[in-house]
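Heads up: the structure comes next, in structure tokens.
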Amino acid sequence: MGKIKPEADNGGFSGSLTQRIVKALGVFAGVQSAGMLCSVIRAKLIAMWIGPAGVGLNALLTNALEVLSQLSQAGIRVSAVRSIAAADDGHERTGLVTALLRWAMWLGSGGAVLTMLLSPFLSLLTFGDYSYSWMFVVLAVAVLASALSVGRTAALQGIGELKRLATLTVTAVIISTLLAIPLFYCFRLQSIIWVVTLFAVVQAAVFYIDPYHRRSVRTDLSHRQCFRIGMPFIRLGLVLTLSNALTMVSNFVITVFLNRYASTDEVGIFQAGFAIINNYMGILVSALTVEYFPRLSANIANRRRSEVLVSHQLMILMNLLVPGVIMFLIFRSQVVWLLYSADFMDAVPYLTFAVGGGVLRMVSSCMALCMLAAADSKAYMLTELGSAFTGLVLAIGGYMLGGIAGMGVAYLLWYALYTVAVWAIYRFRYRMKVRTRALRIILPGLALIAAAQFIAACL
């Protein structure tokens, strides 16, 4: 790989990394905590006032929105951050930001129109008839709003305005949650589609009224110039869209399979466990990677610096994960009751096994982001294609053999295989390695988590 070279290391580079990462973690831990609290409130209200059917419908619509958003946004959230962070000067950076915001509008508008046109098909695919077509027409508004939000989020992340990004994000989440509460109470099951759309619209509105983005754009660029400037990150983004959408489609197919093969209640049970692993544990990795990925993109040409970045990220991640996961396994039943209700206790066996997969997902993501930072679209696409197919087959097979608990085992096995694949690419394609100091923390940490899982499964 010509883009990753073994240049000399800067002695001060390694020493300042921990301080930078912890500072970024401190900023976004508060944001993610506020978001988690609001997510807990929403999930608890749905579970109490609507029940598993409400959680299941929320999962179906949320997954559908994620798939449609991935397809319509052309991967600009990642590819544009990479381009902006790696820009050589401020003039080039503002041009990229301007192009990004224009492309976000174009892509979001196209995605919204496509969603409306496909609404009958999406209703038939998801629910087995055409009576829910109107929900996907409403969801088209969320598709457009989501694209606008992603454009501004990527711009702020790329230029390093993390505190502003954090403030806007937590503001949008709090406002959305406050508006959602009366909707849940008054309209119950019928409120789900409106709340899903509400969250996307409020986030877009909060980012749009922020005056900062007006100071970071150039008014001298025509639509044609923006089209040309944005094409490099759009080309990479299209590859990312294809690979990332495969994972989203895989998750969507799993929920549809459960809805058609079992029941909407079963979808709700699975989604409760899946959300705890992916959303609540993902809070940690989101807080860490918001600063990590732009910095990795800016230093990916230097192999030694990239190794230092990855190793530091892994060490901090494992130091936070090990005690957290062990405590989670001890109190997993109480966590389910707190976040949802007693009706969702069937998700506990899923969590016992899947939590290990969540840890491996975080570990592998630190190395997998090197593919995106290096714009190695071929390796990333093939890896994600294999991952999505493996996850889908394992999840369906796990449910057929062991129900919801079997899906937890499948999730653990899925990310064990994915971690091996990503490590092989990291080691042999990029000729990088995880440093010995990091391995002394990672390997014992994984062993402790595995032992805790075994004990929890036997109790």
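The values are calculated or read from the model by the stated rules, or taken from the named source; none is laboratory data. Remember, predicted model here, so these are calculated numbers, not experimental data. All Cβ positions, glycine included, derive from the backbone under ideal geometry; neighbour counts span all protein chains shown. We work out accessible area using only protein heavy atoms, side chains counted, and drop any ligands, DNA or RNA first. Shrake-Rupley method; radii C 1.70, N 1.55, O 1.52, S 1.80 Å.
Key figures
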quantity: Members of the stretch 106-122 that are touching a residue at least 24 places away in the same chain (Cβ under 8 Å) and open to solvent by 80 Å² or more (accessible area, probe 1.4 Å); calculated: Leu114, Met116
quantity: Residues within the stretch 389-424 that are crowded, with 22+ Cβ neighbours inside 10 Å and of a type in the set (Gly, Ala, Ser), tallied; calculated: 6
quantity: Only listed residue being buried (at least 22 other Cβ atoms within 10 Å of the Cβ), at pLDDT below 75 and assigned to a helix (DSSP H, G or I), chosen from Asn279, Asn244; calculated: Asn244
quantity: Residues satisfying the stated conditions in the stretch 251-270, i.e. crowded, with 23+ Cβ neighbours inside 10 Å and hydroxyl-bearing (Ser, Thr, Tyr); calculated: Thr255
quantity: Filtered residues of the stretch 125-158 (kept if of a type in the set (D, E, K, R) and either closer than 20 Å to Leu100 by Cα or in contact (Cβ under 8 Å) with a residue 24 or more places away in the chain (or both)); calculated: Arg152
quantity: Helices (runs of 4 or more DSSP H) within the stretch 149-217 that include 3 or more residues in contact with a strand residue (DSSP E or B) (Cβ under 7 Å, 6 or more places away or on another chain), within 30 Å of Ala85 (Cβ to Cβ) and not small (Gly, Ala, Ser); calculated: none
quantity: Test for Thr169: is it buried (at least 19 other Cβ atoms within 10 Å of the Cβ) and in contact with a Lys or Arg (Cβ under 7 Å, 6 or more places away or on another chain); calculated: no
quantity: Of residues in the stretch 184-223 being among the polar types (S, T, N, Q) and modelled with pLDDT of 85 or more, the one surrounded by the fewest Cβ atoms within 10 Å (Cβ to Cβ); calculated: Thr197
quantity: Checking Tyr130 against (1) assigned to a helix (DSSP H, G or I); (2) under 24 Å from Gln70 (Cα atoms), the condition it does not meet; calculated: (1)
quantity: Subset of the stretch 429-459 (residues that are more than 16 Å from Gly386 (Cβ to Cβ), open to solvent by 80 Å² or more (accessible area, probe 1.4 Å) and part of a helix (DSSP H, G or I)); calculated: Thr436, Arg437, Arg440, Leu443, Leu448, Phe454, Ile455, Cys458
quantity: Qualifying residue in the stretch 399-412 (condition: touching an Asp or Glu at 6+ places or on another chain (Cβ under 7 Å) and in contact (Cβ under 8 Å) with a residue 12 or more places away in the chain); calculated: yes
quantity: Near pairs, Cβ below 6 angstrom, 6+ apart or cross-chain, from the stretch 350-373 (under 26 Å from Glu307 (Cβ atoms) and at pLDDT 90 or above) to any residue that is of a type in the set (Gly, Ala, Ser) and surrounded by fewer than 24 Cβ atoms within 10 Å (Cβ to Cβ); calculated: Leu360/Ala416
